[in-house]
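Enquirer: Once you've had a glance at the structure underneath, I'll fire off some questions.
A short reminder: the numbers here are calculations on the coordinates, not readings from a lab. None of these values were measured; they are calculated from a predicted model. Positions of Cβ are generated from backbone atoms using ideal geometry, with glycine treated the same way; all protein chains shown enter the neighbour counts.
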Amino acid sequence: MKTYGILLFPSHNRVYAHASVHLAQSELLVVGDALLDGRIGSVRETVLGGVPYLTFEVDGDLTESDIGALSNLSSLYALFEIEDGRLAPLELTRLDRFGSDLITIQKYAGKTNEDFTKLLLNVTAMACDDPRRLLTGDLRVLDPLCGRGTTLNQAVMYGFDAAGVERDTKSFDAYANFLRQWMKNSRLKHRAEITRVRRDRKTLGRRFHAELGEDKERYKRGEAIEVTVINADTAASDAFFGPASFDLIVTDAPYGVQHGATARTEVSRSPMPLLTAALPAWARLLRPGGAIGIAWNTHVARRSELAELLADHGFEVADSEPHHGFRHRVDQAIVRDLVVARLAATGRDR
Ligand SMILES: C[S@@+](CC[C@H](N)C(=O)[O-])C[C@H]1O[C@@H](n2cnc3c(N)ncnc32)[C@H](O)[C@@H]1O
């Protein structure tokens, strides 16, 4: 047995109030189960030199591929091997393809915290039939309630193709403008356009499509990352993309609270009607074996309601102990949780 320690981003105490260690622990265990054959144990908070670490034991050494898997944990700042009370830093292999400004520049009311979005994407990827593809960069991700694109940006950061659907025109325009400006400022080879999607002489919605190259060579070789956002109602998502065209659906459901200038007072609107209307279309867009991850406000819907709805649409909900360890308080009106599920090979209602 060897002992390792993770130094967590200190900022996570602010993001997750007092739940940062708990969330990091759950993410570590979910990733450990999926990518390290469950060899991780004795996960706990340990104070070393007055600083808290998340320490754990591993059966055998951490291999290069194990370190690759752990390097992308959403709250990991640094990773150490611990021997006789001494910390030896391990070289991280992060998937990040671009500068952190891609994720952090945009600030607006209603933005899903970017670190939580990374956690949700990671945990969802672990639920699909081939979680290792998180590390090889060939997953296609859909956020069918994409707002101004936090999930899309995290997917692009990992080098994945990303697509989104958003009903709010202002958010759609704001994201298109942001991505264009960011690609320009980052001097990336790219092209981008907004078109109307028409069928039977009717406009179904607007479509923003961008292709960007991590570098000139990859762009020339046709290895561009694609980002597509549709301005339409999410219940009609399957009018815009082909069946089974995504590996992951990752989304943060509306919280049923008011964002913006006024205080968040009203806690009433459940996301269940929206999810009930949209899930048939979402399930058609996901390939069998692909996974869905939904974050929601537990004040307005129960886990059991979401789990039941997912099961009704052919999903197998991930239900291990660590999967129940992500609930955390965001503010007075929001206690957030997440649920992930894999689409069975023969999903019902598809
Ligand atoms: C919690 S927010 C997602 C925020 C996003 N993750 C971000 O960081 O920008 C939920 C989003 O769902 C959108 N939405 C709600 N109902 C919708 C519908 N029927 N179709 C498409 N989008 C919808 C809202 O406009 C809102 O942007």
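Enquirer: For segment 330-339, take each phi angle, set θ = phi - 60°, evaluate the Karplus expression 6.51 cos²θ - 1.76 cosθ + 1.60, and give the result in whole Hz per residue in order, putting x for glycine and proline.
Expert: My calculation for segment 330-339 gives 9, 7, 4, 9, 10, 10, 8, 9, 9, 10 Hz in order.
Enquirer: Something else about it: Considering the chain as a Gaussian network with a 10 Å cut-off on Cα pairs, which listed residue, 166, 316, 214, attains the greatest mean-square fluctuation?
Expert: 214
Enquirer: Running a GNM on the chain with Cα contacts under 10 Å, which residue among 292, 82, 249 ends up with the highest mean-square fluctuation?
Expert: For the chain, modelled as a Gaussian network with Cα springs under 10 Å, the answer is 82.
Enquirer: Given the chain, what percent of its DSSP beta bridges are antiparallel, to the nearest 5?
Expert: Numbers: 52 of 69 bridges.
Counting only bridges with both partners in the chain, antiparallel ones make up about 75 percent.
Enquirer: Work out how much length residue 307 to residue 189 would gain on full extension: take 0.36 nm times their residue separation and subtract the Cα-Cα distance, in nm to one decimal.
Expert: 38.2 nm
Enquirer: Given 0.36 nm per residue, what is the gain on full extension from residue 276 to residue 47 after removing their alpha carbon distance, in nm?
Expert: Result for the pair: 77.9 nm of gain on full extension.
Enquirer: Describe numerically, in nm with one decimal, the distance between label points set 7 Å from Cα along Cα→Cβ at residue 138 and at residue 327.
Expert: 4.0
Enquirer: Quick one: if you take sqrt(5λ) for each eigenvalue of the C-alpha gyration tensor of segment 80-152, what semi-axes come out, biggest first, whole angstrom? Provide the component values of the computation, followed by the final result.
Expert: Details: eigenvalues 155, 67, 28 Å².
Its equivalent ellipsoid spans semi-axes of 28, 18, 12 Å.
Enquirer: On a C-alpha basis, how far is the centre of segment 281-350 from the centre of segment 147-187 in Å? Whole number, if you could?
Expert: After rounding, the separation between the Cα centres reads 24 Å.
Enquirer: Whole-Hz Karplus ³J(HN,Hα) for segment 25-40, in order, using 6.51 cos²θ - 1.76 cosθ + 1.60 and θ = phi - 60°, x for Gly and Pro?
Expert: Couplings: 4, 5, 5, 4, 5, 5, 5, x, 5, 7, 10, 10, 6, x, 7, 8 Hz.
Enquirer: What are the ³J(HN,Hα) couplings of segment 204-210, residue after residue, when phi is run through the Karplus curve with 6.51, -1.76, 1.60 and θ = phi - 60°? Round to Hz, x for glycine and proline.
Expert: The phi angles translate into 8, x, 9, 10, 9, 10, 10 Hz.
Enquirer: Also, quick follow-up: State the answer as a single residue: which of 144, 98, 47 lies farthest towards the positive end of the charge dipole of segment 42-149, with beta carbon charges of +1 for Lys and Arg and -1 for Asp and Glu, about the Cα centre.
Expert: Among 144, 98, 47, the one farthest towards the positive end of the dipole of segment 42-149 is 144.
Enquirer: While we're looking at this one, here's another question. Which of the lysines could a cross-linker bridge to residue 220, judged by Cα under 17 Å and excluding same-chain residues fewer than eight apart?
Expert: 189
Enquirer: Could you grab the relative contact order for the chain? Cα pairs under 8 Å, six or more apart, rounded to a whole percent.
Expert: Values: 711 pairs, mean separation 55.6, N = 350.
Answer for the chain is 16 percent.
Enquirer: Rank by packing, highest mean first: peptides 226-236, 46-56, with packing defined as the count of other Cβ atoms within 10 Å averaged across residues. Show your work: numbers first, answer last.
Expert: Working: 226-236: 21.1, 46-56: 14.9.
Packing proxy ranking, top to bottom: 226-236, 46-56.
Enquirer: What's the angle, to the nearest 10 degrees (0 to 90), between helix 169-185's Cα axis and the longest principal axis of the chain?
Expert: The two axes meet at around 60 degrees.
Enquirer: Still on this structure, I have one more. Segment 1-91: which GluC sites (Glu not before Pro) are DSSP loop and have at most 16 other beta-carbon atoms within 10 angstrom?
Expert: Values: sites: 27, 45, 57, 64, 81, 83, 91; in loops: 91.
In loop regions of segment 1-91 (DSSP not H, G, I, E or B), the sparsely surrounded GluC sites (Glu not before Pro) are 91.
Enquirer: Here's another thing I want to ask about it. Select from segment 89-125 those trypsin sites (Lys or Arg not before Pro) which occupy a DSSP coil region and have at most 10 other Cβ atoms within 10 Å, ordered by residue number.
Expert: Taking segment 89-125 and a limit of 10 other Cβ atoms within 10 Å, the loop trypsin sites (Lys or Arg not before Pro) found are 107.
Enquirer: Run the numbers on segment 78-177 and let me know its relative contact order in percent, using alpha-carbon pairs under 8 Å that are six or more apart. It would help to have the intermediate numbers written out before the result.
Expert: Details: 114 pairs, mean separation 25.2, N = 100.
Once normalised by length, the contact order is 25 percent.
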